[in-house]
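The values are calculated or read from the model by the stated rules, or taken from the named source; none is laboratory data. Computed from a prediction, not measured in an experiment: that's the story for all the values here. In this analysis, Cβ positions are derived from the backbone assuming ideal geometry, glycine residues included, and neighbour counts consider all displayed protein chains. For accessibility, only protein heavy atoms count, side chains too; no ligands or nucleic acids. Shrake-Rupley method; radii C 1.70, N 1.55, O 1.52, S 1.80 Å.
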Amino acid sequence: MSGILSYTPEEVAKLLKISRFTVYEMIKRGDLAGYRVGRKVRVDSPDLDAYIQKSKDRSHSPAKESCPPAAAAVGSNALILCGQDVVLDILARHLEKELPQQPVLRHHFGSVDGLLALYRRSAQLVTAHLWDSDTDTYNLPYIRRILAGHRTLIINLMYRWEGFYVARGNPLGIKDWTDLARPGIRLVNREPGSGARVLLDEQLRLLDIDQRSISGYDREESSHLAVASYVARGDADVGVGIEKTAQQVANIDFLPLKNERYDLVLRREDEGKPYYQVLLSVLRSTSFQNQIAGLGGYDLTHTGQIMGET
């Protein structure tokens, strides 16, 4: 081991030309191998090389499942839960408490990738917050397209505000979607398939704004936290994300633009499985809702209610 070069997350970020917050997210998701030495995080050179090579191989090969079938690592009984919001971590802990014989695995993927995982049966519970501009509704149009011919249930988890992250005091006077095309405004974007990216693209389509006219449109980060941090340190002027994350990052303001519905989606054929009734019970329980309400930034008006089915 003494001959192996190791990097800090900051050094990895410089090498890959991404933010250090993205590196921490990659390590957290398991995309990049990392380890702790005391309070410090390190990434060994061979592991970084392996990640880079894997990324190159992936870019030259057919698309694979969004949520890998990691259940094999802990037994086929595992419950795969896809999504990124911190509320899902709390939900997973409640489910594990009520279902001690059924491990809950979290996969941090965006809405479209989650629905594809449900279609491919590599996940049982996925989340979606996908706005459809033609109907001004959330999720159902996308679920019908992506899971065409498959019967699903849509259960509300919560509502939350989506909007702009801007520098403290909003010195550039950014107010709405049209401001993104102003000369000199630098955007930091989310990855394709995420709810924030879909919301942005739908708004640009409605306003007939060419994506190529927006500086930074192709600059992508894989989480709300990474986007907010990008704006906070002055590397971008604006990004799209949720209100809760803005409360966790210094030196930024949040401009609310869309109250979005955040739903859980599962196959109707799973209604008879033990986890289904437990899921509804947890979502509707006082203990779960009080814990979420204590976080702030979430509307639980319809939590646990079935919002639709296909």
- the range 152-219: radius of gyration and largest Cα-Cα distance (Dmax), Å: 13.8, 45
- Query: When the chain is fully extended, how far beyond the present Cα-Cα distance does Leu15 get from Ser285, taking 0.36 nm per residue of separation?
  - Reply: 92.5 nm
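Can you give the extra length, in nm with one decimal, that the chain gains between Ile306 and Arg182 once fully stretched, where that is 0.36 nm per residue apart less the Cα-Cα distance? The partial results should precede the final answer.
Values: separation 124, 0.36 × 124 = 44.64 nm, distance 4.13 nm.
The Ile306-Arg182 span can extend by a further 40.5 nm.
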- Task: Calculate, axis by axis, the spread of Cα positions in the range 78-226 along the three principal axes, and write the results as whole Å, longest axis first.
- Result: 56, 36, 23
- Task: Using θ = phi - 60° and the Karplus relation 6.51 cos²θ - 1.76 cosθ + 1.60, list the HN-Hα couplings for the range 208-225 in order, rounded to whole Hz, with x at every Gly or Pro.
- Result: 6, 9, 5, 4, 5, 7, 9, 5, x, 4, 8, 7, 10, 10, 9, 7, 4, 5
- Item | Ordering of 77-84, 284-291 by packing [mean C-beta count within 10 Å, highest first] | 77-84, 284-291
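How high is the FRET efficiency between Asn259 and Asp89 when r is their beta carbon distance and R₀ equals 25 Å, given to the nearest 0.05? Each step should come with its number before you reach the end.
Values: r = 23 Å, r/R0 = 0.91.
It comes to 0.65.
Does the range 119-164 come out rounded, prolate or oblate, given a ≥ b ≥ c as the square roots of the eigenvalues of its C-alpha gyration tensor, rounded meaning a/c under 1.5 and, failing that, prolate meaning a/b above b/c?
On the way: a/c = 2.26, a/b = 1.44, b/c = 1.56.
Cα axes put the range 119-164 in the oblate bin.
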- Per-residue HN-Hα couplings for the range 8-15, Karplus 6.51 cos²θ - 1.76 cosθ + 1.60 at θ = phi - 60°, whole Hz, x for Gly and Pro? 7, x, 5, 5, 4, 4, 5, 5
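Counting Lys and Arg as +1 and Asp and Glu as -1, what is the net charge of the other residues whose Cβ lies under 13 Å from the Cβ of Ile209?
On the way: positive: Arg182, Arg205, Arg212; negative: Asp176, Asp179, Asp201, Glu202, Asp208, Asp210.
The answer is -3.
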- Query: What is the distance, in nm, between label points placed 7 Å from the Cα along the Cα-to-Cβ direction at Arg42 and at Arg219?
  - Reply: 3.2
- Query: Which value, in Å², gives the accessible area per residue of the chain when a 1.4 Å probe is used on the protein heavy atoms?
  - Reply: 48
- Could you let me know the centre-to-centre spacing of the range 236-282 and the range 18-34, using Cα atoms, in angstrom? 21
- Please list, in chain and number order, the residues 5+ apart from His107 or on another chain whose amide H is under 5 Å from its amide H, with Hs placed from the backbone. Leu81, Cys82, Gly83
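Leaving out ligands, DNA and RNA, what percent of the accessible area of the chain is carbon and sulfur, probe 1.4 Å?
Details: 7510 of 14980 Å².
Looking at the chain in its full context, I get 50 percent from C and S.
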- What does the charge dipole of the chain about its Cα centre add up to, to the nearest 20 debye, if the Cβ of each Lys and Arg holds +1 and the Cβ of each Asp and Glu holds -1? 680
- Quick one: pull the percentage of alpha-carbon pairs in the chain with a separation above 31 Å. 33
- Message: Quick check: pseudo-label points 7 Å beyond the Cα along Cα→Cβ at Gln211 and Ala148, how many nm apart are they?
- Response: 2.1
- Overall dimensions of the range 170-288 by Cα: Rg and Dmax, Å: 17.9, 55
